[in-house]
Amino acid sequence: MTRFAYVDGRFLPHDEAVVHVEDRGFQFGDAIYEVWSVRDGQLLDADGHFARLERSLGELRIANPKSRAGYQLLIGELLRRNRLRDGLVYLQISRGRARRDHAFPAAGTRPTLVLTSKRLDRVAAQLRADAGVGVITTPDLRWGRCDIKTVNLLPNVLAKQAAIEAGAVEAWLVDSSGLVTEGSSTNAWIVTADGRLVTRQADQGILHGITRASLMRQAEELGYVIEERAFSVDEAVSAREAFMTSATSYVTPIVRIDGRPVGNGAPGSVATALRQAYLDSA
């Protein structure tokens with residue numbers, strides 16, 4: 001079956017979907033992106049992702065090319081053409097095509113809008129969660145505005161590759177004070193001995209995860225106490241549980257950090273319950 005993508009007003013076969021060589025997203029990383037998880041044909045946490053998309057565009061002063069309704073129509077058509085009910089939708093908006101110059105191009109440059117989608121194996125994802133995953137730690141080398149969802153992801157790429165080469169699934173990034181910021185593509189959590197959920201505060205040092213925010217609301221409704229603060233690697237290793245959240249991983253237990261077991265080295269009851277609660281609400 002032919003896979004389709006959307007580029008600036010046209011649905012095209014995936015292999016024919018291209019942008020211009022002087023697109024500023026390609027030349028400078030002058031672009032933002034957003035990712036939605038699709039479950040049974042529906043976008044999860046749709047409003048939160050649209051709100052973050054609008055905020056990211058505003059922070060970079062890139063004009064928003066569509067309304068939320070417009071995006072939803074395009075995404076719906078993309079899912080229909082690709083016959084996708086479980087997977088991911090990726091959206092990228094750059095400042096557009098312009099002669100290469102660091103400064104913003106003259107008024108009138110039209111943003112470039114790209115949409116793609118891919119399938120996810122729900123069974124494989126659940127098996128991974130059932131077994132738990134390992135993470136490594138690595139210095140956080142990213143820029144100072146991680147709260148903006150830009151395509152400038154080279155430090156994240158290098159950290160993720162280091163994790164894969166170490167036999168882990170994710171890398172937790174550690175700041176100059178020795179405190180965990182977040183994962184290369186996930187938010188980081190621990191569960192303390194007395195059952196409190198701890199995740200770093202949503203400042204400029206982390207991406208304000210939409211799954212993170214959704215889970216916080218659900219956890220509070222279930223009676224969990226949440227502390228938004230930084231934690232060290234040693235605190236994480238000695239915690240009762242650890243887990244990560246994202247649009248792609250939902251809630252996934254972490255059972256090893258730098259090869260050291262967390263808790264008893266198996267997925268904990270809190271992370272397992274929170275994953276099920278999140279999926280039940282989807």
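Quick note: the coordinates plus some simple rules give every number you see, no bench work behind them. None of these values were measured; they are calculated from a predicted model. All Cβ positions, glycine included, derive from the backbone under ideal geometry; neighbour counts span all protein chains shown.
Across the range 74-199 the C-alpha pair distances fall into 10 Å bins from zero in the proportions 10, 26, 33, 23, 7, 1 percent. For the range 31-78, a Kirkwood radius taken over Cα pairs fed into Stokes-Einstein (37 °C, viscosity 0.692 mPa s) yields D = 288 µm²/s.
Structural descriptor for the range 1-134: relative contact order 32 percent, calculated from alpha carbon pairs under 8 angstrom and at least 6 residues apart. Of R260, R99, R145, the residue with the greatest mean-square motion in the GNM of the chain, using alpha carbon springs below 10 Å, is R99. Taking 8 Å as the Cα distance limit and 6 or more residues as the minimum spacing, I'd like the relative contact order of the chain as a percentage. RCO, the chain: 17 percent. Amide hydrogen proximity for I254: with H placed 1.01 Å from N in the peptide plane, the residues at 5 or more positions away or on another chain lying under 5 Å are V133, A242, F243, M244.
Which whole-number value in Å³ per residue fits the convex hull of the alpha carbons of the range 1-48?
Details: hull volume 5.6 nm³, N = 48.
Hull volume normalised by residue count: 117 Å³.
Where in the range 1-94 are there trypsin sites (Lys or Arg not before Pro) that are in a DSSP coil and have at most 13 other Cβ atoms within 10 angstrom of their Cβ? Don't skip to the end; give the middle numbers.
Numbers: sites: R3, R10, R24, R39, R52, R55, R61, K66, R68, R80, R81, R83, R85; in loops: R3, R61, K66, R83, R85.
Hits after loop and neighbour filter: R61, R83, R85.
Model label sites at M1 and F28, defined 7 Å from Cα along the beta-carbon direction, differ in position by 4.0 nm. At q = 0.09, 0.10, 0.11, 0.17 Å⁻¹, what log₁₀ I(q)/I(0) does the chain have when each alpha carbon counts as one equal point scatterer in the Debye sum? Those come out to -0.44, -0.55, -0.66, -1.41, one per q.
As a test of the formula, what do you get for the chain when each DSSP H run with n ≥ 4 contributes -39,500 (n - 2.57) and the sum is divided by the residue count, at 222 nm and rounded to the nearest 500 deg cm²/dmol? Present the calculation step by step, with values, prior to reporting the outcome.
Numbers: 8 runs with 87 residues, N = 282.
One gets -9500 deg cm²/dmol as the mean residue ellipticity at 222 nm.
Its Cα centre serving as origin, the chain has a Cβ charge dipole (Lys and Arg +1, Asp and Glu -1) of approximately 940 debye.
For the ranges 125-137, 227-239, what's the packing order if you count other beta-carbon atoms within 10 Å of each residue, average per peptide, and put the highest first?
Working: 125-137: 17.6, 227-239: 15.8.
So the peptides 125-137, 227-239, ranked by packing, come out 125-137, 227-239.
Taking amide hydrogens as placed 1.01 Å from N in the peptide plane, the amide H of F4 sits under 5 Å from those of H14, each at least 5 positions away in sequence or on another chain.
Treating only the Cβ of Lys, Arg, Asp and Glu as charged (+1, +1, -1, -1), what charge dipole size does the range 4-120 show about its Cα centre? Round to the nearest 20 debye. Mind showing how you got there, number by number?
Numbers: 19 positive and 15 negative charges, 30 e Å.
Dipole size: approximately 140 debye.
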